[in-house]
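All of the numbers you see were taken from the coordinates with simple rules; none came from a lab. From a predicted model like this one, the values you see are computed outputs, not experimental measurements. Cβ placement follows ideal geometry from the backbone for every residue including glycine, while neighbour counts extend to all protein chains displayed.
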Amino acid sequence: MAGGVAVDFLELYEQAATRRTDLAGFYNRNVRVETDKGPVLVRIRSAASEPMDLACWSEAELLAALDGHVPAAPGLLHAARNPDFQVHEYVPGRRVDELAPDGQPLPEAVLKAIEGLFRTLLRVPAAALPPTAADWPQDGDTPGFAGMLLALVREIRHRGDAAVHDLYEALGVPDDPCRAFAARAHQLARRPFRLLHGDIHRKNMIMNGDGRVSFLDWELALWGDPVYDLADHLHKMSCTPGDRRTLTEAWERSAPEECRDGWRADLDFYLGYEAMKSVVVDTVRWGRRIAGTDDADERSRLSLELAGKLAAARPHWNADAPTLKEPREIEAAVVRCLMRS
């Protein structure tokens, strides 16, 4: 923080670590802390969170690289590894999910901001970004990128103890949920890689009083197929049909010609992947949430949501997959598999 007395960032971390907060994501806790120069956001890594997503860089490393290239990203003030935390500039305003919950139309300013973010990300030069790992797919190797996504889902499917495996089986999640995608992955059009945010949804956008939108949570940003960023975004946004068309058209307008080769067919591939991945991941997440509450209404709601995820994934599995489960059957399976003594 420029000017004045130096900030003791470790002290900010220690203040944040003792506080309860509702600003908690899957991989980080986010705590607003007041300083003499105004509020900051202390972002503390959750050590217990299982990796359910690809990661390409450390978030701090990426945010430092994005300074001057992506104005809609929050500023990084400090980063530490032990303890593992960051301090970001505090972005005032309201989360978009508070302004427009899932299923409701998005404000015009938000739609325009998302288009602007796509345009910016698609033009960030590779030279400005941190290097990728040695085994990361080469630029343009979209089949390799998709194969990496599928490998992650297969790894998640076979992770966990016997109770988790039993729950997958009880809910009809195939042993290899990616089998129908593997051949299609090799048929993806080759497009140049671009910077992807990888997690653009309503809770990761803040709109201030002037209508300016900031985009948070860059820990899942990737270097990869630009069509995947659109698919991931559409999957997570719970858009109205009208907003879905608007955002798809916005991406098409924003994308350079070389990024649009074969994009419509490949968008369907990635949307199917997201539906399939969602049920593999959320069988565990939602199952634990169902098992962890004594509220009957909450259990029913979560079981209904998980039933919807199973229904969305089923068309992408083989025809011999077990019969789809009703919410009450899902709840019973969770009790039987995850709550047994």
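Which of the helices in the chain meet the span-like rule: DSSP H, Cα axial reach of 30 Å or more, Kyte-Doolittle mean at least -1.0?
Details: long enough: 263-291 (40 Å, -0.12).
Result, helices passing both filters: 263-291.
Put a dot 7 Å past the Cα of Asp67, heading toward its Cβ, do the same for Ala162, and the two dots end up 5.3 nm apart. The distance separating the Cα centre of segment 173-194 from that of segment 244-271 comes to 17 Å.
Overall, the anisotropy analysis places the chain in the oblate class: the square-rooted eigenvalues a ≥ b ≥ c of its C-alpha gyration tensor yield a/c not less than 1.5, with a/b not exceeding b/c. Quote the FRET efficiency, to the nearest 0.05, computed for Ala151 versus Ala265 with a Förster distance R0 of 22 Å and r equal to the Cβ-Cβ distance. That gives a FRET efficiency of 0.50. Starting from one equal scatterer on each C-alpha and no solvent at all, send me the Debye-based log10 I(q)/I(0) for segment 62-165 at q = 0.18, 0.19 Å⁻¹, two decimals. Calculated log10 I(q)/I(0) at the listed q: -1.20, -1.18. Near Leu77, the amide H atoms lying under 5 Å from its own belong to Val87, His88, Glu89; only residues 5 or more places off or on other chains count, and H is placed 1.01 Å from N. For the listed peptides 186-197, 203-214, 254-265, a ranking on the average number of other beta carbons within 10 Å per residue, highest first, reads 186-197, 203-214, 254-265. For a 21 Å ceiling on Cα separation, which of these pairs sit above it: Lys277/Lys309; Lys37/Lys112; Lys236/Lys277? Cα-Cα > 21 Å for Lys37/Lys112; rest within.
With runs of 4+ DSSP H residues as the only contributors, calculate the mean residue ellipticity of the chain at 222 nm using -39,500 (n - 2.57) per run, divided by the residue total and rounded to the nearest 500.
Only helices count here, giving -14000 deg cm²/dmol.
Most tightly packed first, judged by the mean number of other beta-carbon atoms within 10 Å of their residues, the peptides 131-138, 119-126, 270-277 read 270-277, 119-126, 131-138. Judged by the mean number of other Cβ atoms found within 10 Å, the most tightly packed of the peptides 158-164, 50-56 leads the ranking 50-56, 158-164. Annotation: extensible slack from Leu10 through Ala296 equals 98.7 nm (criterion: 0.36 nm per residue apart, minus Cα-Cα distance). Among Cys178, Cys337, a tally of other beta-carbon atoms within 10 Å of each Cβ gives an order, fewest to most, of Cys337, Cys178.
Rounded to the nearest 0.05, what FRET efficiency do Lys203 and Ala134 give with R0 = 22 Å and r taken as the Cβ-Cβ distance? Could you check? Intermediate values should be presented prior to the final figure.
Values: r = 34 Å, r/R0 = 1.53.
Plugging the Cβ-Cβ distance into 1/(1 + (r/R0)^6) gives 0.05.
At 0.36 nm per residue, minus the direct Cα-Cα distance, what do Arg123 and Arg32 gain on full extension? Give it in nm, one decimal, please. Provide the component values of the computation, followed by the final result.
Numbers: separation 91, 0.36 × 91 = 32.76 nm, distance 3.20 nm.
Full extension of this stretch gives 29.6 nm more.
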